[in-house]
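*Asks:* Structure in structure tokens, see below.
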Amino acid sequence: METVLTGITTTGTPHIGNYVGAIRPAIAASKRPGTRSFLFLADYHSLVKGRDPERLRRSTLEIAAAWLACGLDPEHVVFYRQSDVPEIMELNWILTCMTAKGLMNRAHAYKAAVAENEAAGDRDPDKGVTMGLFCYPILMAADILMFKTNKVPVGSDQIQHVEMARDIAQRFNHHYGELFVLPEAVVEEHTAILPGLDGRKMSKSYNNTIPLFAPRDELRKLIMKIKTNSQPPGEPKNPDESALFAIYRAFATPEETAAIRARYAEGIGWGEMKQILFEYIDAHLADARAEYERLIASPEEVERVLRKGAEKARAVSRPFLDEIRYAVGVRPLG
Ligand code: TRP
């Protein structure tokens, strides 16, 4: 049995790029036999970025509802909110005391913040850097090591964090005994990166996203805004340079994709292609959207699912933390 774990920071509303790049593959992976999956909402990580309590609560609900609506089965996946499992924060401190400051100095996110300050000519290279940002990889190590994770599916920007978790675990094991499993990052090579409205990668930071469960009218409006070139109807078009085609392909079957490719060669007009894309996505997401709307309207149901997930997670984390406490010389709670 292999343990697979991944976390989602609770910032913003899920968009179709998240769906194609993360939600859909993670749900498919959780159905593979021989794996035990943990999936959690990293709300403490999101505190590093945002300080608006209402937005944090809202984003937590939206992300949980979106994953459930897309078919995450909480009977098969341990689905929980990080802050509901206090053992993680306790482990965070123990790991903090095992982590070299020099290791954190090398973290990409921290280095990027420093580089930005230096480029702006700031006297303080650490301007705006909180200890939360600086120690972010340690909390992530606690998330991962708490559940004896073997595999961590992540985007390529997170590989370094998983490697740091491995370093920290090794150092702990060397000093206190072999308690932690050494995790490995797995980067899905085949997941599509969707273009956004302006043709750049769909990302909240570019403000070019299509929300996963935008109501029908909004979905239509957004799709009509997707950038195209000025080729008129009738002129053959290159599907491989078309954001509309890239998005269509991420949802459609290979046969449907081949048929649309042929329409590009025939010179399909942008207006018609937008209409086809809108109808396809709208139909594809209709059931999930209805379920999402139902869940958003019954937050207590989402809450129940998350609390049950936390109970399952804590059935693992409580006894393991006791072992860890004992190993470092702190009294186990029992
Ligand atoms: N840092 C991850 C991200 O921004 C989210 C995350 C937090 C995570 N803890 C984790 C991912 C543990 C994998 C494992 O995407």
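No lab work stands behind these numbers, since they all come straight from the coordinates. Keep in mind that what you see is a predicted model, and the values were worked out from it rather than measured. Here Cβ is always computed from backbone atoms with ideal geometry, including for glycine, and neighbour counts include all displayed protein chains.
*Asks:* Considering only DSSP beta bridges where both residues belong to the chain, give the percentage that are antiparallel (nearest 5).
*Replies:* If I count the DSSP bridges inside the chain, around 10 percent turn out antiparallel.
*Asks:* Can you give the helix-only mean residue ellipticity at 222 nm for the chain, where every DSSP H stretch with n ≥ 4 adds -39500 (n - 2.57) and the sum goes over all residues, rounded to the nearest 500 deg cm²/dmol?
*Replies:* -17000 deg cm²/dmol
*Asks:* Project the alpha carbons of the chain onto their principal axes and report the range along each, largest first, in whole Å.
*Replies:* 75, 52, 36 Å, listed from the longest principal axis down.
*Asks:* Please report, in whole Å, how far the alpha carbons of region 1-90 spread along each principal axis, starting with the longest.
*Replies:* Computed over the Cα atoms, the extents are 40, 35, 18 Å.
*Asks:* Give me, ordered by chain and number, the residues 5 or more places off Thr35 or on other chains with an amide H under 5 Å from its own placed amide H.
*Replies:* Placed amide hydrogens put Glu2 under 5 Å from Thr35.
*Asks:* Over the chain, what is the relative contact order in percent, taking alpha-carbon pairs closer than 8 angstrom and at least six residues apart?
*Replies:* So the answer I get is 21 percent.
*Asks:* Mind listing which trypsin sites (Lys or Arg not before Pro) in region 227-292 are in a DSSP loop and have 16 or fewer other Cβ atoms within 10 Å?
*Replies:* Passing sites in region 227-292 are Lys227.
*Asks:* Counting other Cβ atoms within 10 Å, keep those with at most 16, restrict to DSSP loop, and tell me which GluC sites (Glu not before Pro) in region 47-104 are left.
*Replies:* Glu75
*Asks:* Based only on other Cβ atoms within 10 Å, what is the fewest-to-most ordering of Val316, Val85?
*Replies:* Starting with the residue having the fewest Cβ neighbours, the order is Val316, Val85.
*Asks:* Would you mind checking which residues have amide H under 5 Å from Leu194's amide H? H placed 1.01 Å from N; only 5 or more apart, or other chain.
*Replies:* Met202
*Asks:* Of the residues Arg314, Arg36, Arg106, which exhibits the maximal mean-square fluctuation in a Gaussian network model of the chain defined by a 10 Å Cα contact cut-off?
*Replies:* Arg106
*Asks:* Tell me, what HN-Hα J-couplings in whole Hz come from the Karplus equation 6.51 cos²θ - 1.76 cosθ + 1.60 at θ = phi - 60° for each residue of region 176-190, using x for Gly and Pro?
*Replies:* 10, x, 6, 8, 9, 7, 7, x, 10, 7, 10, 9, 6, 6, 9
*Asks:* Ok, one more. Under the 0.36 nm per residue contour assumption, what length would be gained going from the current alpha-carbon distance of Val129 and Ala290 to full extension?
*Replies:* Length gained between Val129 and Ala290: 53.9 nm.
*Asks:* Using modelled backbone amide H atoms (1.01 Å from N, in-plane), which distant-in-sequence or interchain residues come within less than 5 Å of Ala185's amide H?
*Replies:* Hits under the 5 Å cutoff: Val152.
*Asks:* Regarding region 213-294, what whole-number volume in Å³ per residue does the convex hull of its Cα atoms give?
*Replies:* Dividing the Cα hull volume of region 213-294 by its residues yields 79 Å³.
*Asks:* Here's another thing I want to ask about it. Springs between alpha-carbon pairs under 10 angstrom, Gaussian network model over the chain: which of Glu291, Glu266, Glu311 fluctuates most?
*Replies:* Its mean-square fluctuation being the largest, the pick is Glu266.
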